[in-house]
Amino acid sequence: MAYKLDIAPALPDAQNEEVGASKFCPGCGHGMVLKSLAFAIDDLGIKQKTVFGVDIGCCLLAWNYLDVDTVQNHHGRTTPVIYGVTRANPEAIGIAYMGDGGGLAIGAQHLVNAAVRGERMLIVLVNNTNYGMTGGQMAPTTLPGQVTETTPYGRDCDATGRPAKGAEMIAAIANPEKSYVARATISNMRKLRSTFKKALETVDKGGFAFVEVLSVCPLNWRTNNVDTWARLQQMEEYFEVKEFVSGSEGQNG
Amino acid sequence: MVNKLIKEDTKMFLTGNEVLAYAANAAEAEFMYGYPITPQNEIMHTWCKLLPKTGAGFLQTEDEISAGFSTLGGILAGKRAFTATAGPGNVIMQDAMSMAEMMRIPFVCAVMQRGGPSTATVIYAQQETRLTCYGGNGEGFRIVYSTAGHQDLFDYMIKAFNTAWTYRFPTYVLADGYQGKMREPVNMYDPASRGITMVPTEASLLPDGEIGKDRKSMHWRNTYNMEEELMEVLDEYKVDFEALEDKIAEYEEYKADDAEILVIAHGIVARSARTAIDELREKGIKAGLFRPITLRPLARKPLKEAVNRAKQILFTESADGQMAQMILEAIYGCTTPYSTLYKMGVGVTGGDIVAKVEAMAKQPATV
């Protein structure tokens, strides 16, 4: 006997229910990251003053995902648009949402300078170790030996350098008194939500926050669910999951 | 709200860059985002020096890319924000300018042209004419005012904000390093004293009202899924842009009515042309000037009429025909022969134009 489940999923208030099913690929991590972010916005009751900026790449699909004022930007340029907003409107809580390419390659200068200046915003960098939207090329975060379209024989760190560690870099340059810097992972959704909450609290108090989220890209990785999970665990070994700077609590590291 | 510094008519002797900062304040501009590049630096220097009095905002960004994009952010937040740039800065700011074009963001930028291509000179040129009018990966849905001196800088900087916020196309004050750095007298005034009301700004992000109660959340995009979807949007933009010609296109004619040799020049070169025309008239040569003030959109009808009235045309500019290329397209069908005086990245003097027109009077152009 089959039953139709008609229990509505628990959607955060800050998620746009009109969008319906996620537009991301099956198995993609973005939906989980965005949902956690939306729950954190709910937790703090800041939906009415949040401005959400999405970068180009897979992030662009989130342009109407949240029920908050949102602007889609150019590749790498979400950070300056959002600090442009929060400089002009100090009441706004700005969130710039980007991938590893948008944050650590094409928009790296904006990330670095926003952190140095302590721009009043949260930068969410979703690290899935490749460029998803463009078909799976090497990203700054691609793991050693990882096969991508532009490293078809595996990433050779002698030729292409080592994977970029965004959170460590930002932790080194952000003002420890007024910043929150962490790396989280979609393998721990509860922690992800509380991480976003702390980050947004920091911004609400006038600080700068950076959260790198380890995520998955099964389509471009060409992995099934078991291998996807295994790859995420491998990433968690390489990219340390922790709070690096927690200025609001007066801790560093 | 910002404090306006010019409350009554004030005559001052300033550099053009200083004039632009005062004009932006007179226009009630609230925020400037910028990155240093010569020859436009004194715009932000002056803006910053005046901040305690004006109560406006300023952010020095990490490059012109971010200066452009943060200006867009400030405008989306509902502020009358602007930026300024030049040369290679104008090149990399095209990224933000094309987003402004796509999303109809009332972006205002002063471009103080310097030599190009590349780093070239920090001094002067008219080589960013094409870039300012048609840069980015779009169709050139932009409004460009080409100024010819400090009074223009003051008047058109104020006008640029109102044009941008009325029609929602990126709007430029296109000047150059000579205008930016030289000093001359300028009459500054409160726009209200001239019957000019500043068009109110509005926030695209966090406008008034509660989401879910008074309004829906705003979702602004610049990406389209289908080709037809994009074309539908751009077709509408095109209709709006083409309607602008009748509303805002501006030009200046000087002794053009009976001119046998019509000089066509824009910006500071048009000023050289005026002195040349007076000298040529004294020598009995009927020369005149047509100066497009808006390069986008061009005042095509009066332009064509002036061209048809003349026996010869002289295009002159501090570039290799960037303005002429746009004019020639606009006057397609006119048969008046033309000659050219192009000095790439170098000023065109009245003497240059006198010599050229005298030669044309002796040996008419055949092109």
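The values are calculated or read from the model by the stated rules, or taken from the named source; none is laboratory data. Since we're looking at a predicted model, the values are computed, not measured. Methodologically, a virtual Cβ is constructed for each residue, glycine included, from the backbone with ideal geometry; neighbour enumeration extends over all protein chains shown.
Answer yes if at least one residue in the range A:99-115 is in a loop (DSSP other than H, G, I, E, B), within 14 Å of chain B (Cβ to nearest Cβ) and crowded, with 24+ Cβ neighbours inside 10 Å, and no otherwise.
Yes.
Considering only the range B:45-69, state which residues are surrounded by fewer than 24 Cβ atoms within 10 Å (Cβ to Cβ) and part of a helix (DSSP H, G or I).
Scanning the range B:45-69 gives B:45, B:46, B:48, B:49, B:50, B:51, B:52, B:53, B:54.
Could you tell me which of the residues B:161, B:169, B:141 is part of a helix (DSSP H, G or I) and out of contact with any Leu (no Cβ under 6 Å at 6 or more places or on another chain)?
Working: B:169 fails: part of a helix (DSSP H, G or I); B:141 fails: part of a helix (DSSP H, G or I).
Answer to the check: B:161.
Assess whether residue A:211 counts as being of a type in the set (A, V, I, L, M) and touching a strand residue (DSSP E or B) at 6+ places or on another chain (Cβ under 7 Å). If you could, list the steps in order and put the result at the bottom.
Details: of a type in the set (A, V, I, L, M): yes; touching a strand residue (DSSP E or B) at 6+ places or on another chain (Cβ under 7 Å): yes.
Judged against the criteria, residue A:211 is a match.
Residues to consider are B:207, B:185; find the one that is part of a loop (DSSP other than H, G, I, E, B) and at pLDDT 95 or above.
Working: B:185 fails: part of a loop (DSSP other than H, G, I, E, B).
Matching residue, one of B:207, B:185: B:207.
Hey, could you check the range B:36-69 for residues that are under 21 Å from the mean Cα position of the chain (by Cα) and among the charged types (D, E, K, R) and say which is farthest from the other protein chains (Cβ to nearest Cβ)?
B:42
Criterion first (part of a helix (DSSP H, G or I) and under 21 Å from the mean Cα position of the chain (by Cα)) does residue B:72 satisfy it?
Working: part of a helix (DSSP H, G or I): yes; under 21 Å from the mean Cα position of the chain (by Cα): yes.
Spelling it out, residue B:72 is indeed part of a helix (DSSP H, G or I) and under 21 Å from the mean Cα position of the chain (by Cα).
Being at pLDDT 95 or above, among the hydroxyl-bearing types (Ser, Thr, Tyr) and within 24 Å of residue B:35 (Cβ to Cβ) is the requirement here; does residue A:151 meet it? Working first, answer last.
Working: at pLDDT 95 or above: yes; among the hydroxyl-bearing types (Ser, Thr, Tyr): yes; within 24 Å of residue B:35 (Cβ to Cβ): no.
Judged against the criteria, residue A:151 is not a match.
Whether any residue in the range A:23-39 is in a loop (DSSP other than H, G, I, E, B), within 11 Å of chain B (Cβ to nearest Cβ), in contact (Cβ under 8 Å) with a residue 24 or more places away in the chain and surrounded by fewer than 20 Cβ atoms within 10 Å (Cβ to Cβ) is what I want to check.
Restricting attention to the range A:23-39, the residues satisfying the condition of being in a loop (DSSP other than H, G, I, E, B) are A:23-29.
From what's left, within 11 Å of chain B (Cβ to nearest Cβ): A:23.
Then keep just the ones that are in contact (Cβ under 8 Å) with a residue 24 or more places away in the chain; that gives A:23.
Add one more test, that the residue is surrounded by fewer than 20 Cβ atoms within 10 Å (Cβ to Cβ), and what stays is A:23.
Within the range A:23-39, one or more residues are in a loop (DSSP other than H, G, I, E, B), within 11 Å of chain B (Cβ to nearest Cβ), in contact (Cβ under 8 Å) with a residue 24 or more places away in the chain and surrounded by fewer than 20 Cβ atoms within 10 Å (Cβ to Cβ).
Keeping to the range A:83-98, report how many residues are crowded, with 24+ Cβ neighbours inside 10 Å, over 18 Å from residue A:175 (Cβ atoms) and facing chain B (nearest Cβ under 9 Å).
So the answer is 4.
Which of (1) at the interface with another protein chain (Cβ under 8 Å from one of its Cβ atoms); (2) part of a helix (DSSP H, G or I); (3) surrounded by fewer than 24 Cβ atoms within 10 Å (Cβ to Cβ) is the odd one out, the single condition residue B:78 does not satisfy?
Among (1) at the interface with another protein chain (Cβ under 8 Å from one of its Cβ atoms); (2) part of a helix (DSSP H, G or I); (3) surrounded by fewer than 24 Cβ atoms within 10 Å (Cβ to Cβ), the lone unmet condition for residue B:78 is (2).
Within the range B:257-273, identify whether any single residue is surrounded by 14 or more Cβ atoms within 10 Å (Cβ to Cβ), among the hydroxyl-bearing types (Ser, Thr, Tyr) and in contact with a Lys or Arg (Cβ under 8 Å, 6 or more places away or on another chain), and answer yes or no.
Taking the range B:257-273 first, the residues surrounded by 14 or more Cβ atoms within 10 Å (Cβ to Cβ) are B:259-273.
So of that shortlist, the ones also among the hydroxyl-bearing types (Ser, Thr, Tyr) come out as B:272.
Going one step further and asking which of them are in contact with a Lys or Arg (Cβ under 8 Å, 6 or more places away or on another chain), we end up with none.
Looking for residues that are surrounded by 14 or more Cβ atoms within 10 Å (Cβ to Cβ), among the hydroxyl-bearing types (Ser, Thr, Tyr) and in contact with a Lys or Arg (Cβ under 8 Å, 6 or more places away or on another chain), one finds none in the range B:257-273, hence no.
Quick test for you: out of B:332, B:342, pick the one residue that is in contact with an Asp or Glu (Cβ under 6 Å, 6 or more places away or on another chain) and surrounded by fewer than 21 Cβ atoms within 10 Å (Cβ to Cβ).
On the way: B:332 fails: in contact with an Asp or Glu (Cβ under 6 Å, 6 or more places away or on another chain).
Within the list B:332, B:342, the selection yields B:342.
Taking only pairs six or more apart or across chains, which ones have beta-carbon atoms under 6 Å, a first residue in the range A:62-79 that is facing another protein chain (nearest Cβ under 7 Å), and a second residue that is of a type in the set (Lys, Arg)?
Note: pairs meeting the criteria are A:63/B:221; A:68/A:47; A:72/B:221.
I'm checking my understanding of the structure. Among residues of the range A:121-140 that are within 14 Å of chain B (Cβ to nearest Cβ) and surrounded by fewer than 24 Cβ atoms within 10 Å (Cβ to Cβ), which one is nearest to the chain's Cα centre (by Cα)?
That would be A:133.
Kindly provide the set of residues from the range A:40-59 that are away from chain B (no Cβ under 11 Å) and farther than 23 Å from residue A:76 by Cα, ordered by number.
A:40, A:41, A:42, A:43, A:44, A:45, A:46
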